[in-house]
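Read through the structure below, which is laid out as structure tokens, and then see the notes.
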Amino acid sequence: MSGKRKTKQRLWRWRRNPLRRHDDIVEAWIVLVMWAMVLVGGAIIWTVTARAADQEFAWERADRHATSAVLLTDAPQSASPGSDSHRSLAEVRWTAPDGTTRTARTLVPAGLPTGTTVTVWQDGRGVLTTEPTGPVEGRAEAVLFGGAAAMAFSGLAYGMAALARWRLDKHRYDQWGAEWDAIGSRWDRWPA
């Protein structure tokens, strides 16, 4: 089959045709709008979400700082029996940005004795937090978040189009049923 003929088959709803129904035109517009939403809307959603996530990761890197802390308790060898975890909970003491001394429990390398100096991360208020995402990992995660948001938006657009097309099909079946009811009674009178 030639490429021109395939194109004509795909675009048959847009051409003049005595068999074309109003529902066919509506369905063609639904499909066109759905693809426009998927392509244009998906690209916009992807870009906006990726930029927002990248800005959030950059803010985390600017707000969180590494500081030294001293272990106040021994760090157990493993978090749970049979676990191959290399980190465990222990109590630490550190100095916050405002100069106050604070204590809290956090994850540290397993098996360290009391008095060992470890590196912990704190935010601008001096609250312990996790290490911020690095620039490369942050950019990769931002792209993935953007892609996930675009896929969710595309799925929503596809679902709405599928629902609209289902309603059109239901309307067509109802029309065909009404036409059959009108013609079917006369069908039996045709000579054999």
Here the convex hull volume per residue of segment 32-163, taken over Cα atoms and given in Å³, is 147
The percentage of the accessible area of segment 15-154 (probe 1.4 Å, all protein chains present) made up of carbon and sulfur atoms, to the nearest whole number, is 62
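Tell me, what is a quarter of the convex hull surface for the C-alpha atoms of segment 107-146, in nm² with one decimal? Could you put the intermediate results ahead of the total?
On the way: hull surface 18.0 nm².
Result: 4.5 nm².
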Dipole check, segment 63-176, charges on Cβ (K,R +1; D,E -1), about Cα centroid: among THR130, ALA110, ALA142 the Cα furthest to the positive pole belongs to ALA142
Within segment 72-176, DSSP-loop trypsin sites (Lys or Arg not before Pro) with at most 14 other C-beta atoms within 10 Å are ARG125
Sorted list, accessible surface of protein heavy atoms, 1.4 Å probe, largest first, for ILE44, ILE30 is ILE44, ILE30
Ignoring ligands and nucleic acids, THR117 exposes an accessible area, probe 1.4 Å, in Å² to the nearest 10, of 90
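The values are calculated or read from the model by the stated rules, or taken from the named source; none is laboratory data. It should be emphasised that the depicted structure is a prediction, and the values quoted were computed from it without experimental measurement. In this analysis, Cβ positions are derived from the backbone assuming ideal geometry, glycine residues included, and neighbour counts consider all displayed protein chains. Just the protein is used for accessible areas: all its heavy atoms, side chains included, with ligands, DNA and RNA removed. Shrake-Rupley method; radii C 1.70, N 1.55, O 1.52, S 1.80 Å.
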